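Student: Here it is, the structure in full.
Values quoted throughout were computed directly from the atomic coordinates according to the rules given, and no laboratory measurement underlies them. Not measured: the values here are computed from a predicted model. With ideal geometry, Cβ positions are generated from the backbone for all residues, glycine too; neighbour counts draw on all protein chains shown.
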Amino acid sequence: MKDLITGILLQIIFFITIFSSCTEKDFDAPLMMQYGEDIGTNITISDLKAKLVGSSTLIDSNLIIKGTVVSSDMFGSFYKELIIQDSTGGIVINIDNKNLNRYFPPGQLVYVKCNGLYISKDRAAFELGTKADYNRGRIPIELTEEHLIKGNGGKKIVPRTLTIDEIPDTLFNTIIKLNNVQFIESDLNDTYAEEDNSANRTIEDCEGNTIILRTSNYASFALDSIPKGKGSIIAVLNIYNGIEQLFISSTEDVDMTEERCQ
């Protein structure tokens with residue numbers, strides 16, 4: 001009987017070991033992020049952007065910015081990036097870790113120690129990372145806690161309500177809201193993205209002004225149908241090759257149930 005119980009226990013341990021080794025390949029190592037002290041800042045996001053010379057600049061002084069998280073990768077629409085904003089603007093922080101929402105959900109206050117990071121401009125959008133090149137320069141997992149500190153408090157930012165024709169470039173990488181908008185008629189039979197490709201869909205207002213909604217095919221809602229009505233959208237504003245784009249965290253950010261523009 002004792003031998004039987006021992007054999008069963010050994011089998012259980014074996015399967016747990018196998019399972020653990022498999023799952024380790026699928027998930028990034030966990031961050032041990034703790035809430036830190038409110039360490040204070042000495043530069044705004046806007047002033048940090050002004051430090052950029054050329055396409056990329058190494059920050060070699062103890063500059064600290066503070067911002068509130070406005071992105072979420074919970075549904076796969078953002079990938080290994082955190083977007084924060086303060087009252088002066090927003091910026092992308094490239095981090096080599098998935099499931100960042102577990103540590104930095106929307107509304108989380110974050111301090112960023114910029115010393116040793118590069119500020120870059122990727123097609124007009126500003127980013128922070130560890131390399132001076134186009135390949136994102138994502139902050140390695142083991143360095144994340146050296147550069148990012150979770151502040152106490154914080155709450156979700158109320159999106160700035162705008163119209164499509166009045167969006168200033170100072171609001172790139174910030175969260176905005178558009179009212180009285182709809183998807184163009186030719187997109188109404190589409191999904192947010194394709195099965196194998198990310199996709200652009202076009203949003204218009206009743207005056208005919210338009211803006212692109214960009215959705216990754218890795219988003220969990222990629223194959224959800226486009227809403228056919230009119231209403232509002234809350235999204236992070238970005239730019240690609242001079243073209244303004246919106247990115248939503250989930251379809252909860254899209255509320256289009258009203259009658260369409262005539």
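Student: Given +1 on the Cβ of Lys and Arg, -1 on the Cβ of Asp and Glu, and no further charges, what dipole in debye does the stretch 45-150 carry about its Cα centre, rounded to the nearest 20? Present the calculation step by step, with values, prior to reporting the outcome.
Tutor: Working: 13 positive and 12 negative charges, 30 e Å.
Rounded to the nearest 20 debye, it is 140 debye.
Student: For the pair residue 88 and residue 143, what calculated FRET efficiency results from E = 1/(1 + (r/R0)^6), where r is the Cβ-Cβ distance and R0 = 25 Å, to the nearest 0.05?
Tutor: Calculated transfer efficiency: 0.45.
Student: Using the Cα gyration tensor of the stretch 202-261, with a ≥ b ≥ c the square roots of its eigenvalues, what is the shape: rounded (a/c below 1.5), prolate (a/b larger than b/c) or oblate (neither)? Present the calculation step by step, with values, prior to reporting the outcome.
Tutor: Values: a/c = 2.02, a/b = 1.10, b/c = 1.83.
It is oblate, given that a/c is not under 1.5 and a/b is not larger than b/c.
Student: Now for a different question. Exposure proxy check: 70, 254 ranked by fewest other beta carbons within 10 Å?
Tutor: Values: 70 25, 254 22.
By the 10 Å Cβ count, ascending, the order reads 254, 70.
Student: Another question, if that's okay. Starting at the first residue of the stretch 156-172, write each ³J(HN,Hα) from the Karplus equation 6.51 cos²θ - 1.76 cosθ + 1.60 with θ = phi - 60°, in whole Hz, x for Gly and Pro.
Tutor: Those phi angles translate into 4, 6, 6, x, 7, 7, 9, 10, 4, 7, 10, 7, x, 6, 6, 9, 4 Hz.
Student: From the backbone phi of the stretch 146-152, what are the Karplus-calculated ³J(HN,Hα) couplings (6.51 cos²θ - 1.76 cosθ + 1.60, θ = phi - 60°) in whole Hz, Gly and Pro given as x?
Tutor: Computed from phi, the couplings for the stretch 146-152 are 6, 10, 10, 10, 6, x, 6 Hz.
Student: I've got another one for you. Once phi is turned into ³J(HN,Hα) by the Karplus curve 6.51 cos²θ - 1.76 cosθ + 1.60 with θ = phi - 60°, what whole-Hz value does each residue of the stretch 105-114 show in order, with x for glycine and proline?
Tutor: Computed from phi, the couplings for the stretch 105-114 are x, x, x, 5, 7, 9, 9, 10, 7, 8 Hz.
Student: Using 0.36 nm times the number of residues separating residue 163 and residue 207, minus their current alpha carbon distance, what extension gain do you get?
Tutor: Full-extension gain reported as 14.8 nm.
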